[in-house]
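The values are calculated or read from the model by the stated rules, or taken from the named source; none is laboratory data. Please read these numbers as outputs of a predicted model, since none were measured by experiment. Positions of Cβ are generated from backbone atoms using ideal geometry, with glycine treated the same way; all protein chains shown enter the neighbour counts.
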Amino acid sequence: MAQMPEATPLVRTELRPAAQAFDAIAPLFDERFGAWESVAAQRRAVRSRWLQQFPAGGRLLEIGGGTGEDASFMARHGFRVLLTDPSPTMVTLATEKLVGFGSTAELVAAEDFPEFARGYIASGRPLFDGAFSNFAPLNCVIDLEPVASALARLLKPGSVAMLVLFGTLCPGEMVVETLRGRPKLALRRLKRGVVPARLAKHNFEVIYHRAAQLERAFVPWFELERKVGIGVMVPPSAAEPWISSHPRLLSALEAMDQALASPLAAFGDHVLYQFRRATYTGCRKCKS
C-alpha cells in the first residue's frame, strides 16, 4: 500500500498547557490505560461504529490521536489514516505504530486546524473520506467552530465525522467519585465554561461541551445525524482498577450498553457524535 503524502507539521515553539500534560504522560500512556478493561470496552463500542460508517479503504483524518492506538487499528483494517496530535512524544509513538500501513502521524493541534487545512489543500492532496476522534481530545479545545470550519474544508461532501467527547451527565462517574470521597469531581461535568484539570503535575483547562453548543459549532457545514452513548453502563476509568478485576460484571454491563447506547446517549461517560458533511461545498446556512 502506498504511503500517504506527508503534510508539513505545524510546530509551536511552546506547547499549549493540555499538550504539555499529555506529552509528559505519553511514554506511560499505553501502559496506564491499555490494561484497563473499561477503556477497552468503550473502545470496542466506538470502533464498531467507525467500521460501519467509513467507506472500506478510505482515507481518514484523526483529531487528537495520541499514541496511535485507534489509528493503527483502523490502518490494520485497510484504512489510510493521517493522525494529528499536539504532543510531539505522542506523534513519535504513533508514527512507530503506523509504519508499514500506509498511514502517518503529524504534529498538529486542533486549534491550528484552520492553518493546517489551508496548507493541506494548497498542496493538492486529496480530501478525506471521513474523520474521527476518540476519548475527548476536543474537550481540551475551548472554541470548536474554527475546528469545524477547517474540518469541513478537509472532508469530502457527504462524508462523516465521528467525534467522541465527554458526556455532560454521567451517573457512573457521579457514583464512583462519591464512593471514593471526591464529591467535587462527581459534579464537575455539570459546570459551564472552562474547568481546571490536572495531569502529570500539569495544569490545563477542559470544557464539557453541551450537545447544543457542539451542534451550533458544526451546523453551518455539518448535520448531526445521531448521538450514541459510550459507557452508559460500562463505568468510567475512575472505577479502575476495580472493574477490571470483575470481568463477568463488566461483560454484562457492556452487553447492556449495546441496547441503551442510543436511547440513553446523554448519560454516557462519552458520547459519539456522528456528523454528516453537507453535500454542497459551502455551509448549510448559506447553501453555497
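Checking the range 190-204 against the condition returns a match, with at least one residue being closer than 23 Å to GLU240 by Cα, out of contact with any helix residue (DSSP H, G or I) (no Cβ under 7 Å at 6 or more places or on another chain) and surrounded by 13 or more Cβ atoms within 10 Å (Cβ to Cβ). Residues considered: VAL147, VAL160, VAL91. Of these, the only one that is touching a strand residue (DSSP E or B) at 6+ places or on another chain (Cβ under 8 Å), assigned to a helix (DSSP H, G or I) and farther than 24 Å from VAL195 by Cβ is VAL91. Kindly indicate whether VAL195 is modelled with pLDDT of 95 or more and among the aliphatic types (A, V, I, L, M). So VAL195 fits the description; yes.
Selection of first residues in the range 245-267 that are modelled with pLDDT of 95 or more and of second residues that are exposed (fewer than 15 other Cβ atoms within 10 Å of the Cβ) and assigned to a loop (DSSP other than H, G, I, E, B), restricted to Cβ pairs under 8 Å at least 6 apart or on distinct chains, gives the following pairs, ordered by first then second residue: ALA266/LEU169; PHE267/LEU169. When the test is whether a residue is under 29 Å from THR279 (Cα atoms) and either touching a residue at least 40 places away in the same chain (Cβ under 8 Å) or surrounded by 15 or more Cβ atoms within 10 Å (Cβ to Cβ) (or both), GLY172 does not pass it. Restricting the first member to the range 98-121 and to residues that are under 24 Å from GLU145 (Cα atoms), and the second to residues that are small (Gly, Ala, Ser) and not in a loop (DSSP other than H, G, I, E, B), the beta-carbon pairs closer than 8 Å and six or more apart or on different chains are ALA105/ALA71; ALA105/ALA94; ALA109/ALA19; PHE113/ALA150; PRO114/SER149; PRO114/ALA150; PHE116/ALA150; ALA117/ALA150. Tell me whether the range 72-83 contains one or more residues that are of a type outside the set (Ser, Thr, Tyr), in contact (Cβ under 8 Å) with a residue 12 or more places away in the chain, in a helix (DSSP H, G or I) and surrounded by fewer than 21 Cβ atoms within 10 Å (Cβ to Cβ). Yes.
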